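Worksheet: the structure to be examined is printed underneath.
Readers should treat all values here as calculations from the given coordinates under stated rules, not as data from a laboratory. This is a predicted model, so every value here is computed, not measured. Neighbour counts run over all protein chains shown; Cβ positions are idealised from the backbone, glycine included.
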Amino acid sequence: MALLHRWAAVIWPQDAAAALILLAACAVLAVGLWRRRRSFGRFVPSLLLVAVGEAWLLAADLRHQPLSALWPLGAIVAILFAIQLATPRDARQGLELAAGSACGRGYLVLGSVITCLLLGFRLASSPGVLLVWEAPVIVGFGAALRAGHGALRFLVDTVLWDNGLVSRGDHSLLYGAPTYAVFRSAGFGVLQLRIVAALLAAAAVPVGFGLARRFGRGTATAAALALALSPPLLFYGRYGTSLSGTLLGLLLATWACWAFLAAPARQWWRGLVAALALIVATLGYSPGRLVVLVLLAVTASFTVARLRRGELQRLVGLALLAAVLAGFWLYQARRGAADTFLNARGEQIVNMMRQPGYLQDFLDRPDSHVPQTLRTWLEVGRTLVAQRTPEYLSVLGAPFGRQVRFDKVVFFDPPRLPLFIAPLLPFLLLGLAASLRRVRQPEHSTLLGWLLLCSVPLLLTTRVDAHRMVPLVVPFALWTGLGLAGAVAAVDEARIGRWPRHAVGVLLIGLVGWLNVVTIFPVTLRSSTLAPVLIAELRGLRGEVVLVSIADQRDLGLVDLALLERQRRDPGSRGRLLADEKVRALIDGAAVDPARISELVAEVGTATVLMVPAGAFTGTAEALRDAGLEVSERGPHDARFWCAARPAAAPGA
């Protein structure tokens, strides 16, 4: 691992991949024009777009400048993109039909192997600490165990909508419910926390391949590779949250809706399958629900538009889909969860307009009690869009530059995470052009709607980041596949030999894999000083334990896993974290309230109390000693903590 990082400091793999694609595009263009003459002309604009695009990316990266600094090259790319959109129909059909004939089973196997290795390598130990949003996910699982919920009860609870946050990945159907079952059967640990996310990410690759086969087998292979090696799938597939499950759910829902539209009218039952898939897709990370709205709109509109005489059975399928979704909405409403569907924790314009104080604090509006007229809505919306657009462009531009390193991805929240494979941007643009040309087809209409509805609403929220934009990984991968398949068609037309094309393909996959390694893996693992000390202390304790702490949440998450495992093995050895509001009242600097100390003593009963770090609870420790508890300071000098217990239950008594 360290060797790959050292090599990357000399030759940045992103630059090497861009240079490789640039040389390959120029070679194919020259050989194709020499061998095929005028018949090769339809491929010239796309190959020029690839060559100029790679030169643009490479020059900006080598100069450590943003892409905007080399705007003339960007302008040429835009002109070539416009030419792609204006390609005559006959030439376009020839290109797109050829693009579907390419095949690369070996490449798909190679990419899948690399993906599985990247997902599984050091899954339980890297980066050495929990990520900041894994700790609250553990809290959610712990609350269920401490309440005595079984796996089935937990599964039923995940069918209710909530705010769909990254930090509440436990409350998701595809990730949360299976992970809780794993915890119950295999124990609480970091591996068990992350293994389901990794399996869901791996499962997304064959599902993406099956979905993309509607565009041709060659496109499916390329799209599956782009998805398998995309940084977001690998990143979110390695950590304990619901985003990889959300991507899988969206892929399954898209597949079900497209299958319903393409099936004969007599297969009305596909409406039920599509409805169930759409429901599953809503039970994860909340931005995925925007995609569900796109799928629902495309499915309904194209079904009605394609109705023919004697095809009333197709309407039966649509009516069944609508009835199931309406029933599920009523279920959510009766359980009081319907309002959370697009609530996003209230961090959006609708909630801001309902709470004038929000506008005053967040948007610095001096008069926050003005009437909510259309003009006010437009003014607030314009202000939000102006603030969020630079953030949106920053996320899209994250891959470009050597600043994309593991410390800003793994140890930073929100991560500065590329949403696509940077050297493949020109192919993504070619795929986008193909969708814009064929917008009347439901598949392409879905992808364009996906892009719009996962972009515009985010501009009306409090923040745009890689978390919230992660659903865009799917259309980006499919468009990249379309562009790559078109490039393979150009290679076929130029009659390039098998070995040169295989050499370029394997080398490109290797460079992209190398780029992912230096992006999501640290050179050396970080280690927690506090968590191992507390976990070792827990092994010598019997009975209930209450943890009072203001330590780093990532450390507390590891300790919480140990507490939960103690309780799973021995239900009598319960453990919990004291509520934050109660902890704040015990920190040194706050007046030690005797009534609060008496309340704490009564609350913990015969439990052992661990207070971390020791320096923050000196006053409380003295007050507990005066209240009759045995209190001792323990741990090494850099991880000191207080241990308090009633004399009869003191450790070692």
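Summary table below
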| read-out | value |
| --- | --- |
| Computed magnitude of the charge dipole of the range 412-487 (debye, nearest 20; Cβ of K, R +1, Cβ of D, E -1) | 180 debye |
| Cut-off 12 Å between beta-carbons: net charge of the residues surrounding residue 328, Lys and Arg +1, Asp and Glu -1 | +2 |
| Dipole of the chain, positive direction: furthest Cα of 171, 384, 328, with charges on the beta-carbon | 328 |
| FRET efficiency estimate (nearest 0.05) - Cβ-Cβ, residue 44 to residue 156, R0 51 angstrom | 0.30 |
| The range 241-333: relative contact order in percent, alpha carbon pairs under 8 Å with at least 6 residues between | 37 percent |
| Which of 255, 269 has the fewest Cβ neighbours within 10 Å, and the rest in rising order | 269, 255 |
| With Cα atoms, 0 to 90° folded angle of helix 442-453 axis to the chain main axis | 50 degrees |
| All-pairs Cα distance distribution in the range 530-649, expressed in whole percent, bin size 5 Å | 2, 12, 24, 26, 21, 12, 3, 0 |
| Mean shadow area of the chain over all directions, Cα convex hull, nm² | 33.9 nm² |
| Fewest-first sequence of 454, 257 by Cβ atoms within 10 Å of each Cβ | 454, 257 |
| Tilt relative to the chain, helix 190-212 - C-alpha long axis, 0 to 90 degrees, to 10 | 20 degrees |
| The chain: angle of helix 13-36 to the longest principal axis, Cα-based, in degrees nearest 10 | 10 degrees |
| Residues 302, 43, sorted so that the one with the fewest Cβ neighbours within 10 Å comes first | 302, 43 |
| Simple spin-label estimate for residue 626 and residue 85 in nanometres, 7 Å along Cα-Cβ | 7.5 nm |
| Within-15-Å neighbourhood charge of residue 255 [Cβ basis; K, R +1; D, E -1] | +2 |
| Packing rank of 564-571, 616-623, where each peptide gets the mean count of other beta carbons within 10 Å, highest leading | 616-623, 564-571 |
